[in-house]
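*Asks:* Dumping the structure here so I can ask a few things about it.
The values are calculated or read from the model by the stated rules, or taken from the named source; none is laboratory data. Fair warning: this is a prediction, and the values are worked out from it, not measured in the lab. Here the Cβ is made from the backbone with ideal geometry for all residues, glycine too, and neighbour counts use every protein chain on show.
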Amino acid sequence: MKKKQEYVDRAYKLVRNEAPLSYMLPSRHTRRSPLLYFDEDSGTQRAMRYASNQRSVFEDEQDSNAILEPIIFEDGMLTVGKENQTLQKFLHIHPLYNKKFVEIDKEKDASVEVDIINAEAQALTIATSLTIDQLEMLTRGLFGKDPSVITTAEMKRDVLVFAKTNPTDFNQAMEDPTMKFKSEIQTFFDQRMILSRNKGREVFFNLEGNKKRMLTVEFGITVEDACAEYFKTEDGKEVFSMLNNLL
C-alpha cells in the first residue's frame, strides 16, 4: 500500500546572523534575478515564478491569470502553512535555498545544540584538571605566551575561558600529538636559546659559544613551522635533544 504523503507546516530562516527587519525573496525569473531550474527530464532550464493561485511553480505551466505575491521574511523568519504546497515547493528548489535561507529543522538543530553542550562540558572537565605542565603547554601553543611571565591563576583563567568559548578547538588541541612538540619549540624561543632574526627569515642559536644560524625560513611558512620541520630531520633531532638537555 502506497504511503500517504504527509503535509506539514514549514518554517524558514535567513542564514545570516543579523537578519533585516524585512527581506523580500526574489519570486520570479528576471534578468536581474534569474530563477532557473534545470529539468532533468527535458534537459532544459525552466523559468520559475511564484503565483498564489497556480499549482505549478514553472512559468510555462501557469495561465495568464497568475496572481503574483511577494515572499517576505519578517525578522529573518518565514512560515508557510501546509495548505500552501506551491510555495513550499518553490522555496525548496529556489536557487537561494541553503545559501540565503534554510528550512528550520528543530530535531537537527536540537541535535547540534546537544553536541555543542557536550563538547563544552568535556572541554571544561578537562580544563579544570590540567597539570601545570599542561597549562604551560597550552599557554604557549594556544596563545603564544611565555608562561614564565604570567601567574598560574592567569593561565588557568585563560585556558578555562578558551575551553568554554571554543570547546571544539580546545578538545582538538588536547588530542593533537604535535601540541607538546610545538610547546617545547616555543620554550626554546621563550628562554632565548634560539632567536628569530631578519624579520622572521632566519633562526639563530643564542647559546654560549654558539651564535650560528640554525636555519633559513622558506617563504610562505611561519618560523614555528620551519623549526618543527627542521627538528624532524636527522640533524634537527640531535639539535632538539641538545636544547632539551640544556633546559
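*Asks:* Show the residue pairs meeting these rules: Cβ distance below 6 Å; 6+ apart or different chains; first residue within the range 70-90 and over 11 Å from Tyr12 (Cα atoms); second residue crowded, with 18+ Cβ neighbours inside 10 Å.
*Replies:* Here the result reads Ile71/Leu25; Ile71/Ser27; Leu87/Val80; Lys89/Val57; Phe90/Tyr50; Phe90/Val57, each pair linking the range 70-90 to a residue that is crowded, with 18+ Cβ neighbours inside 10 Å.
*Asks:* Right, something else. Give all pairs with beta carbons closer than 7 Å in which a residue from the range 108-122 that is in a helix (DSSP H, G or I) meets a residue that is of a type in the set (Lys, Arg); count only pairs at least 6 apart in sequence or on separate chains.
*Replies:* Glu120/Lys164
*Asks:* Within the range 32-62, which residues are basic (Lys, Arg) and in contact with a His (Cβ under 7 Å, 6 or more places away or on another chain)?
*Replies:* Arg49
*Asks:* Taking the conditions exactly as written (out of contact with any Gly (no Cβ under 9 Å at 6 or more places or on another chain), more than 30 Å from Thr139 (Cβ to Cβ) and either surrounded by fewer than 16 Cβ atoms within 10 Å (Cβ to Cβ) or at pLDDT 90 or above (or both)), does Leu91 satisfy them or not?
*Replies:* It is true that Leu91 is out of contact with any Gly (no Cβ under 9 Å at 6 or more places or on another chain), more than 30 Å from Thr139 (Cβ to Cβ) and either surrounded by fewer than 16 Cβ atoms within 10 Å (Cβ to Cβ) or at pLDDT 90 or above (or both).
*Asks:* Among the residues in the range 2-14, are any in a strand (DSSP E or B), touching a helix residue (DSSP H, G or I) at 6+ places or on another chain (Cβ under 8 Å), touching a residue at least 12 places away in the same chain (Cβ under 8 Å) and within 18 Å of Val102 (Cα to Cα)?
*Replies:* yes
*Asks:* Does Thr168 fit the bill of being surrounded by fewer than 16 Cβ atoms within 10 Å (Cβ to Cβ), over 24 Å from Glu224 (Cα atoms) and outside the structural domain of Lys232 (by TED's automatic domain parsing)?
*Replies:* no
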